[in-house]
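Visitor: I'd like to ask some things about the structure below.
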Amino acid sequence: MNSHAADPVAIARDLLRCPSVTPAEGGALSIVESVLKGAGFSVHRMTFSEPGTADVENLYARIGTGAPHLMFAGHTDVVPPGDPKTWSHAPFSGDIDDGVLYGRGAVDMKGAIACKIAATLDYLAANGGKPRGSISFLIAGDEEGIAVNGTVKLLTWAAERGEKFDHCVLGEPGNVEALGDTVKLGRRGSQNGVLVVTGKQGHVAYPHRADNPVRGLVKLMSALMDEPLDAGSAKFDPSNLEFTSIDIGNPTVNLIPGEARARFNIRFNDCHSFASLKTLVEQRAAKAAAGLVRWRIDWEPSNADVFYTEPSPFTDVVIGAVAEVTGRKPKLSTSGGTSDARFIKDYCPVVEFGLIGTTMHATDERVPVADLVTLTKVYRRILEKYFG
Ligand SMILES: [Zn+2]
């Protein structure tokens, strides 16, 4: 492994050949462990469990004992490849064709992990084998799943043993078209709910004896869709409530159902907390119901709170490194879905920068080898600027 220790392409190919579909480790963490151990990191492997979920393997590695402490976070698990026959190169082959590396996880996010490792090894080699503070890798095995046995438990485990993180760079693929066009400083929160309207079952030909809940459901849904939740904030796009399913489950043509449900998801910005968001939605439903519809909202538990990392000398380090290496002035973004940054933000400021996201979760997920080389230079520059 040490023969290509600081080569991001070789590390990425090794990682891509591991079929680490969530929750399987697939050999990926063992590769990370072996490379980091070879560079002098102390490496911990831990398996986390929770009733009703699959056990998940994770990794934490650190070199150095002092501050400042920079954490590189990421995940080695990947989404399933789908039908391998639809890929032009087998999804776990790590094939390179015409300067492009193919494989499930190439951009999300084994490629970025390989770049972080290569940059770190190169930095250590140039600095007598030790950082001026500490560098750690916090690598989860279930980011693409329900994310309960990965980063969230890794962070608790680390806190319990006294690990203090000053800053984190998470390697999610947030660039849109070109490497260096986007740095993510925040993400919206996510909350699921089910709107339930209760009526009275009856014969469809005798509606006066029944109370059709569909009428109330449609009224409340329309009220919740009509009015935006907010107009956006200085840092975020407007919040959005989207109905995803209407469920009555009535196979009978001559029966008025007793109950009707509609599922929805809200992506919310920093105008809201979980509590204020629920209050706002319930107030609007109550107003539309006007005391005439029997309704309730079943809120699902959510661990996806909104977060935003305020600009600081640390964000300047990342943004500056991106600009110096890529020649681009990155857009500071808060768009997209959730990431493990929602957990990390409770421990230290976190910025996201990785590869280009175009092919993530898609057939023929791939990354130009040139992007791996450039991203490694960005991480290398971050280390140099961060530790001064
Ligand atoms: Zn990811």
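The values are calculated or read from the model by the stated rules, or taken from the named source; none is laboratory data. Because the structure is a prediction, the values reported are computed rather than measured. As a convention, Cβ positions derive from the backbone with ideal geometry for all residues, glycine included, and neighbour counts pool all protein chains shown. Only protein heavy atoms, including side chains, enter the accessible area calculation; ligands, DNA and RNA are left aside. Shrake-Rupley method; radii C 1.70, N 1.55, O 1.52, S 1.80 Å.
Visitor: Mind telling me which of the residues 345, 329 ends up being surrounded by fewer than 22 Cβ atoms within 10 Å (Cβ to Cβ), modelled with pLDDT of 95 or more and under 26 Å from residue 154 (Cα atoms)?
Guide: 345
Visitor: Quick one: residue 146 ticks every box in (1) assigned to a helix (DSSP H, G or I); (2) over 26 Å from residue 318 (Cα atoms) except a single one, so which number is it?
Guide: Of (1) assigned to a helix (DSSP H, G or I); (2) over 26 Å from residue 318 (Cα atoms), only one is false for residue 146: (1).
Visitor: Where residues in region 106-143 are hydroxyl-bearing (Ser, Thr, Tyr) and assigned to a strand (DSSP E or B), which of them is farthest from the ligand (Cβ to nearest atom)?
Guide: 134
Visitor: Which of the residues that make up region 1-47 are polar (S, T, N, Q), under 21 Å from residue 102 (Cα atoms) and in contact with a helix residue (DSSP H, G or I) (Cβ under 9 Å, 6 or more places away or on another chain)?
Guide: 20, the sole residue that qualifies.
Visitor: Across region 351-388, what is the total count of residues that are within 14 Å of the ligand (Cβ to nearest atom) and crowded, with 24+ Cβ neighbours inside 10 Å?
Guide: So the answer is 6.
Visitor: In the list 216, 189, 202, which residue meets the criterion of being over 30 Å from residue 59 (Cα atoms), in contact with a His (Cβ under 9 Å, 6 or more places away or on another chain) and more than 16 Å from the ligand (Cβ to nearest atom)?
Guide: From the options 216, 189, 202, the qualifying one is 202.
Visitor: Which members of region 217-243 meet the condition of being closer than 17 Å to residue 194 by Cβ, hydrophobic (A, V, I, L, M, F, W, C) and open to solvent by 80 Å² or more (accessible area, probe 1.4 Å)?
Guide: 218, 225
Visitor: Would you tally the residues in region 152-210 being more than 25 Å from residue 45 (Cβ to Cβ), free of Cβ contacts under 8 Å to residues at least 60 places away in the same chain and open to solvent by 50 Å² or more (accessible area, probe 1.4 Å)?
Guide: 9
Visitor: Identify the single condition in (1) buried (at least 19 other Cβ atoms within 10 Å of the Cβ); (2) more than 22 Å from the chain's Cα centre (by Cα) that residue 283 does not satisfy, given that it satisfies every other one.
Guide: (1)
Visitor: Considering only region 280-388, give the strands (runs of 3 or more DSSP E) lying wholly within it that have at least 1 residues that are closer than 19 Å to residue 180 by Cα, in contact (Cβ under 8 Å) with a residue 60 or more places away in the chain and of a type in the set (S, T, N, Q).
Guide: Once the strands (runs of 3 or more DSSP E) in region 280-388 are filtered for at least 1 residues that are closer than 19 Å to residue 180 by Cα, in contact (Cβ under 8 Å) with a residue 60 or more places away in the chain and of a type in the set (S, T, N, Q), what remains is 331-333.
Visitor: Quick test for you: out of 125, 118, pick the one residue that is surrounded by fewer than 23 Cβ atoms within 10 Å (Cβ to Cβ), of a type in the set (A, V, I, L, M, F, W, C) and touching a residue at least 40 places away in the same chain (Cβ under 8 Å).
Guide: Step by step, each of 125, 118 is checked, and only 125 is surrounded by fewer than 23 Cβ atoms within 10 Å (Cβ to Cβ), of a type in the set (A, V, I, L, M, F, W, C) and touching a residue at least 40 places away in the same chain (Cβ under 8 Å).
Visitor: Turning to a different aspect of this structure: Select from region 28-44 the residues that are over 22 Å from the mean Cα position of the chain (by Cα) and of a type in the set (Gly, Ala, Ser) and list them in ascending order.
Guide: Of everything in region 28-44, those that are over 22 Å from the mean Cα position of the chain (by Cα) and of a type in the set (Gly, Ala, Ser) turn out to be 30, 34, 38, 39, 40, 42.
Visitor: Can you tell which of 373, 369, 322, 317 is of a type outside the set (Gly, Ala, Ser) and within 30 Å of residue 161 (Cβ to Cβ)?
Guide: Going through 373, 369, 322, 317 in turn, the sole match is 317.
Visitor: Can you pull out the strands (runs of 3 or more DSSP E) entirely within region 185-270 that have at least 3 residues that are touching an Asp or Glu at 6+ places or on another chain (Cβ under 9 Å)?
Guide: By residue number, 189-198, 259-268.
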